[in-house]
Amino acid sequence: MKKFAPSCFLIAAAIIFLPYVACASPAPSRSAQPAAATERNASVPDQKKDWDLLAGKLRSDGIAPAFIDNVFSRLDTSPTLVPMGTKIKELYSNHFLPKPKKHAATPFETELGIPGPWFKGVVTAQNAQVCKDFLLDHADAFALAEIESGIPQEIAVALLFVETRLGTYLGKDNAFLMLASMSVTRDPSMLKSYLDDLPGAYEHLEWIRGKMMLKADWAYDELKALLEYCHANAIDPLAINGSIYGAIGLCQFMPSNIAKRGMDGNKDGRIDLFNVSDAVASLSNYLRKSGWQTDSTLDKKIKVLRSYNAMDIYARTILALAETILRLE
Ligand SMILES: [Ca+2]
């Protein structure tokens, strides 16, 4: 949830080694591109058959047939291996490869009271000022969200900054294509270009296959949620960009979270995560439902933020940036 030269970029490198991102934005890697992106973006064999099977399954699962047919008839792109390949590399590295060295706290971290690690370059006075200016520009939206959820405004704006640089970096990948591709990439034989780079990968093919099946099923459910949301709100799925794993909007929600935790912040009758009021209300509601309490311990707050994005560094960066905003003159 958090990119930019944008925060996502900051995260991108770290992400590759990070664990599965749970909810709102599995995503720091949204902008991450594998080293051999061109080669790895090779199409999945027999693409037409894959798309036809996927469209048929979606129709049989209750998505409006005419809507599905319209979307797939305009889809002129092959499935891409990037989202599944990147996810498997991340999961495999985290499970089988050596962990990074332990972080040593800097004086700045100690003084701020939020031990790192933090995403590089995010927790600065300059970024805190940008966040503060954004709070002033959208004062009503943040105030209402805080009243309704109890989530401090500096936490909400810091999360938006880490996720999408306050909406200035919303992801460059089509969310529909990413999720659809991930849902049809189910066999390790498809990921040779990724597995060749992972030490010992061919000795753990069944483990990899199991993870691929889980992630493909997860992506299919998210794809269904995305299509249901788009159909209900007359949105073209092919027009929505997002993260490499299909997270969308300023707050980088996974589509299934829109129905569960999305909020209509500006009260116009629909949830639009590309609208500041709706995004702030939604992310605040998400954190409230995850158990945020302002008087919680640091560890508890980290735990709540990690329900939004599983990376420890993600949670610490948001808390440190929020504290920096509070300390501005
Ligand atoms: Ca709205």
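The values are calculated or read from the model by the stated rules, or taken from the named source; none is laboratory data. Just so you know, these numbers come straight off a predicted model, no measurement behind them. So basically every Cβ, Gly included, is an ideal-geometry build from the backbone, and we count neighbours across all protein chains shown.
Taking the range 71-82 as the region of interest, how many residues are part of a helix (DSSP H, G or I) and surrounded by 14 or more Cβ atoms within 10 Å (Cβ to Cβ)? Summing the residues that are part of a helix (DSSP H, G or I) and surrounded by 14 or more Cβ atoms within 10 Å (Cβ to Cβ) in the range 71-82 gives 3.
For the range 235-244, the candidate set comprises residues that are away from the ligand (no atom under 14 Å from the Cβ) and in a loop (DSSP other than H, G, I, E, B); within that set, the residue that is nearest to Leu305 (Cα to Cα) is Ser243. Residue count for the range 83-107 under the criterion of being more than 14 Å from Thr185 (Cβ to Cβ) and surrounded by 11 or more Cβ atoms within 10 Å (Cβ to Cβ): the result is 10.
Here the condition is being small (Gly, Ala, Ser) and within 18 Å of the chain's Cα centre (by Cα); of Ala232, Ala225, Ala201, it holds for Ala225 alone. When we screen Ala247, Ala281 for residues that are crowded, with 24+ Cβ neighbours inside 10 Å and more than 16 Å from the ligand (Cβ to nearest atom), the only hit is Ala247. Pairs linking a residue in the range 266-293 that is on the phi < 0 side of the Ramachandran plot and in contact (Cβ under 8 Å) with a residue 60 or more places away in the chain to a residue that is in a helix (DSSP H, G or I) and within 7 Å of the ligand (Cβ to nearest atom), with Cβ atoms under 7 Å and 6 or more positions apart or on different chains, are Asn266/Ser277; Asn266/Asp278. Among the residues of the range 49-65, those that are in contact (Cβ under 8 Å) with a residue 60 or more places away in the chain and under 11 Å from Leu227 (Cα atoms) comprise Leu58, Ile63, Ala64.
In the range 164-176, the residues that are of a type in the set (Phe, Trp, Tyr) form Cβ pairs under 7 Å with partners that are in a loop (DSSP other than H, G, I, E, B), at six or more places apart or across chains, as follows: Tyr169/Lys3; Tyr169/Pro6; Phe176/Ile240. Entry remark, the range 264-278: residues being more than 8 Å from the ligand (Cβ to nearest atom) and in a loop (DSSP other than H, G, I, E, B) number 2 in total. Scanning the range 289-298 for residues that are charged (D, E, K, R) and either closer than 24 Å to Asp221 by Cα or within 9 Å of the ligand (Cβ to nearest atom) (or both) returns a single hit, Lys289. State whether the residues of the range 299-307 include one that is part of a loop (DSSP other than H, G, I, E, B), within 24 Å of Pro83 (Cα to Cα) and within 16 Å of the ligand (Cβ to nearest atom). Looking through the range 299-307, none of the residues is part of a loop (DSSP other than H, G, I, E, B), within 24 Å of Pro83 (Cα to Cα) and within 16 Å of the ligand (Cβ to nearest atom).
Residue-by-condition table, conditions (1) within 30 Å of Lys120 (Cα to Cα); (2) among the small types (Gly, Ala, Ser); (3) surrounded by 15 or more Cβ atoms within 10 Å (Cβ to Cβ):
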site: Met178; (1), (2), (3): yes, no, yes
site: Met182; (1), (2), (3): yes, no, yes
site: Tyr194; (1), (2), (3): yes, no, yes
site: His204; (1), (2), (3): no, no, yes
site: Met212; (1), (2), (3): no, no, yes
site: Asp217; (1), (2), (3): no, no, no
site: Lys224; (1), (2), (3): no, no, yes
site: Ala234; (1), (2), (3): no, yes, no
site: Asn241; (1), (2), (3): yes, no, yes
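Summed over the range 145-180, residues that are within 17 Å of Met263 (Cα to Cα), over 13 Å from the mean Cα position of the chain (by Cα) and among the aliphatic types (A, V, I, L, M) total 5.
Restricting attention to the range 250-263, the residues that are within 16 Å of the ligand (Cβ to nearest atom) and part of a helix (DSSP H, G or I) add up to 4. Of the residues making up the range 48-61, at least one is at pLDDT 95 or above, crowded, with 22+ Cβ neighbours inside 10 Å and of a type outside the set (Phe, Trp, Tyr). Checking each residue in the range 88-143 for being assigned to a loop (DSSP other than H, G, I, E, B) and under 22 Å from the mean Cα position of the chain (by Cα) picks out Gly116, Pro117, Trp118, Phe119, Lys120, Gly121, Val122, Val123.
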